[in-house]
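So the structure is just underneath, and the comments pick up after that.
Derivation of every value follows stated rules applied to the coordinates shown; laboratory data play no part. This is a predicted model, so every value here is computed, not measured. Please note: Cβ atoms are built from the backbone with ideal geometry, for glycine as well, and neighbour counts cover all protein chains shown.
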Amino acid sequence: MMPVPDTDKEYPVPKPLKGHGPARIIAMCNQKGGVGKTTTSINLAAALAEYGRKVLLVDFDPQGAASVGLGINGHEMDTTIYSLMVGPHRDLTTADVIHHTSTENLDIIPANIDLSAAELQLVNEVARESILARVLREVEPEYDAIIIDCQPSLGLLTVNALTAAHGVIIPVSTEFFALRGVALLMETIETVRDRLNPKLQLDGILATLVDSRTLHSKEVQERLLEAFQDKMFSTVIKRTVKFPDSTVATRPITEFAPTHEGAQAYRRLAREVIAKGYVA
């Protein structure tokens, strides 16, 4: 009989921390777009911050959606994650590019379209896969969690994120085509673990955009469970109009609609992530 994640299991409210750091770095990764990566990055970060964890969100997508979703307009900024990766500002420190958000305990390194040029510019750099790891090393001691919101591709930027990370969370929408890319992503994770980052582990697969009314959504959930079993998070994120609404309002759902089931789901995911030891 196939194991079923206990979606009713209650994870305890985490105890307050006595101090902060060093951070565990989590890459939020899936080369398929539209699976809820940025929504999950923002709202998991905000839920962890609500539980007293100090969180840094790294917007690593040239679309800059995570920055915009937290009220930071990367397109108006001279210094972003791009400046730290390849920019001419050699005297720039990582702390110089960090912005505080309106959410307590949650900071962000923004991104904008400049980042799309980074892949080409990094091609001839020495140790080009580990530039992000070097950038984040400076601030690791100050945070409990660093979440990297990856772009939807398996290029050099994503490899940088996987090389810097301790763990990977893969959001997968419960649609048939979303399953097809996961195997390729798993291969990439294996390759990075083999060649660049032996400490990298798969923290889990998160079912997103779940529509419990449709048979199709249930079937995809079952197939995910069959394939990944104990690597599936028991928390699932249901489809709701409140997520795009909160993005437009430039606030995490935990603040925009604190009692909504979407906010409760991300709080539960934060508790699950802490209970499993992925964040202190």
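Structural remarks
- Take the convex hull of the alpha carbons in the stretch 170-237; its mean projected area over all directions comes to 4.5 nm².
- Burial ordering of Asp61, Asp144, fewest other beta-carbon atoms within 10 Å first: Asp144, Asp61
- Cα-based reach from Lys231 at 12 Å (exclusive), listing aspartates and glutamates while leaving out same-chain residues under 8 positions away: Asp203
- Candidates Met232, Met85, Met77, ranked by Gaussian network fluctuation over the chain, Cα under 10 Å, top entry: Met77
- Cβ-based exposure ranking for Leu200, Leu48, Leu184, in which fewest neighbours within 10 Å come first: Leu184, Leu200, Leu48
- For Ile25, residues with placed amide H under 5 Å, excluding near neighbours: Ile146, His166, Gly167
- Neighbour-count ranking [beta-carbon atoms within 10 angstrom, fewest first] of Tyr51, Tyr278: Tyr278, Tyr51
- Global size of the stretch 64-214 as Cα Rg and Dmax, reported in angstrom: 16.3, 54
- On Cα atoms only, tilt of 37-50 relative to the major axis of the chain in degrees: 90 degrees
- Peptides 106-116, 219-229 ranked from most to least packed, by the mean per-residue count of other Cβ atoms within 10 Å: 106-116, 219-229.
- Cα-based helix-to-principal-axis angle, 261-275 vs the chain, degrees rounded to 10: 70 degrees
- Volume per residue for the stretch 1-125 equals 174 cubic angstrom (convex hull of Cα atoms).
- Fraction of antiparallel bridges per DSSP, the chain only, in percent to nearest 5: 5 percent
- Pairwise Cα inverse-distance average, inverted: Kirkwood Rh of the stretch 90-134 (Å): 12.7 Å
- Distance between modelled label sites at Asp230 and Met186, nm, 7 Å Cα→Cβ extension: 1.6 nm
- Global form of the stretch 203-280, assessed from the alpha-carbon gyration tensor, a/c cut-off 1.5: oblate
- Hz values of 3J(HN,Hα) by residue in the stretch 242-254 - Karplus curve (6.51, -1.76, 1.60), Gly and Pro given as x: 5, 5, x, 4, 5, 5, 4, 7, 6, 9, x, 5, 5
- Cα gyration tensor shape for the stretch 24-275, rounded if a/c is under 1.5, else prolate or oblate: oblate
- Within the straight-line cut-off of under 18 Å between alpha carbons, the lysines reachable from Lys15 are Lys54, Lys276, sequence neighbours fewer than 8 places apart in one chain being disregarded.
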